[in-house]
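Here is the structure we will look at.
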Amino acid sequence: MTHIIQPGNPEATPAPDATDIPAAPAPAKAPASSALPPALKRRVPKYSDLAPLMQFKKPEFSKDARLKRANTIWELRDIAKRRTPQAPFDYTDGAAEEEITLRRARQAFLDIEFRPGILRNVSAIDLSTEILGKPSRLPLGIAPTGFTRMMQSEGEYAGSRAAEAAGIPYTLSTMGTASIEDVAAAAPNGRNWFQLYLWTDRERSLELIERAAKAGNDTLMVTVDTAVAGARLRDVRNGMTIPPALTLKTVVDASYRPAWWFNFLTHEPLTFASLSRYTGTVADLINSMFDPTLTFEDLDWLRETWKGNLVVKGIQTVEDARRVADHGADGVVLSNHGGRQLDRAPIPFHLLPAVRQAFTKDNTDAAIMLDTGIMSGADIVAALALGADFTLIGRAYLYGLMAGGRAGVDRALQILEKDMARTMALLGVSSVSGLTPDHVRLLGTN
C-alpha cells in the first residue's frame, strides 16, 4: 500500500489507501432562508422608511431656475436654441461654407490628454492673471461680436456689465448695436476694449478711434481677416438681413418664441451704433465697407495714431504673428474668426505652440491671445498651458445671452470659472502661472 506524505510536513501521518476510506455522508442541505443575512430578507416597507425618500420638489419654471440647471456651455446652447428664432441663432452658431473649420477647432480641444501632478496643495486656486498691463480676475475676456442685440435685446449691455462684475475685459465690436459711449456708461468700472474694422473711409475710422479713447478704452483690437465676407451659408438660407425681416417664415418661427419677439419689438430698434443706418445682408455690408487693400503700412498708421494697447486679431500663421509684433502690436489674437471667414483655415489651438516658441526665440513680449472653439473651462486651461497669455470667448457667452440675457451671461462665466478651477485642481496646479506644456499632450504626438 502506498503512503502519501503531504509536502512540507515530513512527520505527517501516512494516509490510508483511498479504497479503505468509507464514503462520507452528504451534508444536510440548510434551508435557503437561514443562509440570507437579515438585511436581504424581504419585508413590507414601513412608512418611516419611505418618508425620507418621498421628497418631491416643486417644479420651477423661472429664468433663474432654468439657467441654474445648465451645467455646461452646451446646455446653455440648448436653452438658447429653444428660445431664439432660427435666423439669429444660426448667425451665432454657424460658420462659413461647410463649417469644417469650426468643427476642427472644437475637436482640437478634445484631442488632448491632460497630465496631472499629484500630492500638490490645491486648497486654493488662483485664476487671476495680467493682460496688457492690467489685472484680470479670470484668464478670459469677452470677444467682439456684431449685431449682439439681435441675439437678445440686452445685447452689449448685458455682456459689458457681466464682464465688469466678473472683473474681466469686454470688447465692443465696430458692428455692435450699442455705442462706445453707451457701453462705457453701462459699465463705468469695467475694462472696456474696442474692436476696429478699418474702412476704406479712413476719416470715419479715425473718428471711431478718437471716440474709443475719449470713452476710456485702453485697448484697440484691429481685425484683419475680413478683406471680403466669408460664405456664411446658414445666413443665406435663412435670408438673414439687418434688421431681421418679418417674412412668413419668421412669423411662424416667432410663434414658438414669443418672448424674443416681444423683447425685440418693445425695445429700441436694432441699428449699428457705430455706423449709419443700414438695411441689407451682412455679407453685402462687409463687402461694401471693409477695405480689401489693407496692408502692414496701415498697421503702422494705427500704431502712430492710437496711444493705448494695440492688438491685432485674425492671426493664422507664425510669420504673420512675428510681423505684426515687429510693426508695434502689443498683442496678437490667434483667430480664424470663429470659422466664419475662410473654411479649412488653420486652427488657433494647433498654431499656439509654434507662435509661443517663435516669440520666445525672438524675445518678443507681445501678448498671445486665442479664440475659436472654446466651450469649456478645460479648453481655456489647455490653451494657457500650451502658451496662451489670455483667451477670448464669443459663442460661449452669446449662448448664455440668448438663454437668459444678463443672467445668462453671468451663468456662462460662472460655468467657465468653475470648470477652470476644478481642472486646475485636478492637474495639481494652484495658479495660472503654474500651467506649463508638461500638463497637456496633443494626442497623436509624442
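Accessible-area rank, largest first, for 123, 62, 173, 376: 123, 62, 376, 173, with all protein chains present and a 1.4 angstrom probe.
Under unit Cβ charges (Lys, Arg +1; Asp, Glu -1), what dipole magnitude, rounded to 20 debye, does the chain have relative to its Cα centre? Could the numbers behind the result be given before it?
Working: 50 positive and 51 negative charges, 426 e Å.
For this selection, approximately 2040 debye.
Spacing of the modelled spin labels on residue 206 and residue 295, each 7 Å from Cα toward Cβ, amounts to 2.0 nm.
In the chain, a dipole from Cβ-located charges (positive for Lys and Arg, negative for Asp and Glu) runs towards its positive end, and of 135, 171, 430 it is 430 whose Cα lies farthest in that direction. Accessible surface of segment 391-446, 1.4 Å probe: 51 percent of it comes from carbon and sulfur atoms.
The residues of segment 356-446 expose on average 34 square angstrom of accessible surface per residue, using a 1.4 Å probe on protein heavy atoms. Per residue, the chain reaches -12000 deg cm²/dmol at 222 nm when only DSSP H runs of four or more residues are counted, each adding -39500 (n - 2.57). Using R0 = 51 Å, the C-beta based FRET efficiency linking residue 426 and residue 256 works out to 0.80. The label-point distance for residue 433 and residue 122, in a model that sets each label 7 Å from Cα toward Cβ, rounds to 2.0 nm.
In nm, what is the difference between 0.36 nm times the number of residues separating residue 137 and residue 98 and their Cα-Cα distance?
Values: separation 39, 0.36 × 39 = 14.04 nm, distance 3.69 nm.
Length gained between residue 137 and residue 98: 10.4 nm.
Expressed as a whole percent, the accessible surface of segment 321-379 that belongs to carbon and sulfur atoms is 46, based on a 1.4 Å probe. Rolling a 1.4 Å probe over the protein chains gives residue 157 an accessible area of about 60 Å². Do any GluC sites (Glu not before Pro) in segment 27-117 lie in a loop, going by DSSP, with at most 13 other beta-carbon atoms within 10 Å of their beta carbon, and if so which? Sites meeting the loop and neighbour criteria: 60, 98.
The values are calculated or read from the model by the stated rules, or taken from the named source; none is laboratory data. Everything numeric here is computed off the predicted structure, so don't read it as measured data. With ideal geometry, Cβ positions are generated from the backbone for all residues, glycine too; neighbour counts draw on all protein chains shown. The protein model used for the area step is the full one, side chains on, heavy atoms only, and it has no ligands, DNA or RNA in it. Shrake-Rupley method; radii C 1.70, N 1.55, O 1.52, S 1.80 Å.
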